[in-house]
Amino acid sequence: MLHKGSRIYIAGHRGMVGSAVKRKLEREGYNRLISRTSSELDLRNQQAVRSFFREEQPEIVVDAAARVGGIMANNEYPWQFLYENLEIQNNIIAAAHEQDVDKLIFLGSSCIYPKHADQPMSEEALLTGPLEPTNQWYAIAKITGVKMVDALRRQYDHDYVSLMPTNLYGPNDNFDLKTSHVLPAMIRKFHDAKEKGHAPVPLWGTGAPMREFLHVDDVADAVFFTLNRSMEHDLYNVGTGKDIRIKDLALLIQDIVGHKGDINWDTTKPDGTPRKLMDVSRLEEAGWEYSIELEEGIRMTYEWFKEHQDEIKELKVEG
């Protein structure tokens, strides 16, 4: 299991999840953390990744590296979201196996589950129906990662685990309006509109879908929890087990930001999956539960956004 001297490689340490995991481990006193920027190590390059693992000899790996984005980005860049995510995770997981890494955590997304899965979605819902078309490319890549972890556990008895968080938000989120997910996009839109004299805010869809949100510090805590235990299963959902209508989320964020203008819903745009609520009972039974409530988390995230406006992450997808 994890100890203070463990050599821990965090893939994607500059991203929202990876940076939260890094903060959590540093707070807990772990000081042998290994990381590389994308310019230092191209995770899409198999030989480079293998060489890196041979040289650094990590004992623990947290794979939080991925090409991510919202509905628009998934629709416009299907090849990048499928192929690049397959490259990244395949290289990391295979190198971890080849170097006999003690423990690996593979992080995915709730979008791996079918569009019309029974709610709340349990881990057993995987591969029981069609995916949401707008993000199927990313989902298929992540499903492959989950099955790689499962295969290595079955065939080689590796202590590898997949964690599937619900919709995440928090520090270091992507606030680029062309590629961001719904919650950070709303924060950015309402803030910008407030700065422009409380201009109307355009939002996609009807506002009817239900979504569950988890602060990224909670998923980092779930990673830490999992690293310190031998887990019974290969796959665990990570979430709050509670959801909210997108329209109500918009009103909550509007109130927190202090925007006084109108909200204009563009019903010609897609809603996405009608509901995505996670069944989190498996991880709760193992002993982990979330701690940051949605309103508190949004307030914290908005404060972070205001403090980092000049350096907020914007996702660039090359064709």
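Annotations for the structure displayed:
- Rounded accessible area of Leu82 (nearest 10 Å², 1.4 Å probe): 40 Å²
- For Asn135, neighbours were defined as the other residues whose beta-carbon sits under 14 Å from its Cβ, and their charges (Lys and Arg +1, Asp and Glu -1) total +2.
- Positive-pole candidate from Val68, Asn90, Pro209, dipole of the chain, charges at beta carbon: Val68
- Less than 5 angstrom separates the built amide H of Trp265 from those of Leu203, all sequence-distant by 5 or more or on a different chain.
- Of all DSSP-defined beta bridges confined to the chain, some 5% are antiparallel rather than parallel.
- Label of the coordinate-derived value, Rg and Dmax of the Cα atoms in Å, listed as [x] 20.6, 69; [y] 22.9, 76; [z] 19.1, 61: [z]
- Solvent-accessible area, 1.4 Å probe, carbon plus sulfur percent, for the stretch 209-316: 41 percent
- For the stretch 11-17, the Karplus equation 6.51 cos²θ - 1.76 cosθ + 1.60, evaluated at θ = phi - 60°, returns couplings of 7, x, 5, 8, x, 4, 6 Hz by residue, with Gly and Pro reported as x.
- Contact order normalised by residue count of the chain, Cα under 8 Å, 6+ apart, percent: 21 percent
- For the stretch 141-225, the fraction of alpha-carbon pairs in successive 5 Å shells from zero, as %: 3, 11, 15, 16, 17, 12, 9, 7, 5, 3, 2, 1, 0
- Size of charge dipole - the stretch 48-99 - debye, nearest 20, with Cβ of Lys, Arg +1 and Asp, Glu -1, no other charges: 80 debye
- Calculated accessible area for the chain comes out at 44 Å² per residue, all protein chains present (probe 1.4 Å; ligands, DNA, RNA ignored).
- Structural descriptor for the stretch 1-100: relative contact order 34 percent, calculated from alpha carbon pairs under 8 angstrom and at least 6 residues apart.
- Annotation for the stretch 1-73: GluC sites (Glu not before Pro) lying in DSSP loop with at most 16 further Cβ atoms inside 10 Å of their Cβ are Glu28, Glu40.
- Carbon/sulfur fraction of accessible area - the stretch 1-86, other protein chains in place, 1.4 Å, %: 44 percent
- The helix-based estimate of mean residue ellipticity at 222 nm for the chain, built from -39,500 (n - 2.57) per DSSP H run of four or more residues and divided by its residue count, is -12000 deg cm²/dmol to the nearest 500.
- Computed about its Cα centre, the charge dipole of the chain is approximately 480 debye, with only Lys, Arg, Asp and Glu carrying charge at their Cβ.
The values are calculated or read from the model by the stated rules, or taken from the named source; none is laboratory data. Keep in mind that what you see is a predicted model, and the values were worked out from it rather than measured. When we count neighbours, we look across all protein chains shown, and the Cβ atoms used for this are built from the backbone with ideal geometry, even at glycine. Only protein heavy atoms, including side chains, enter the accessible area calculation; ligands, DNA and RNA are left aside. Shrake-Rupley method; radii C 1.70, N 1.55, O 1.52, S 1.80 Å.
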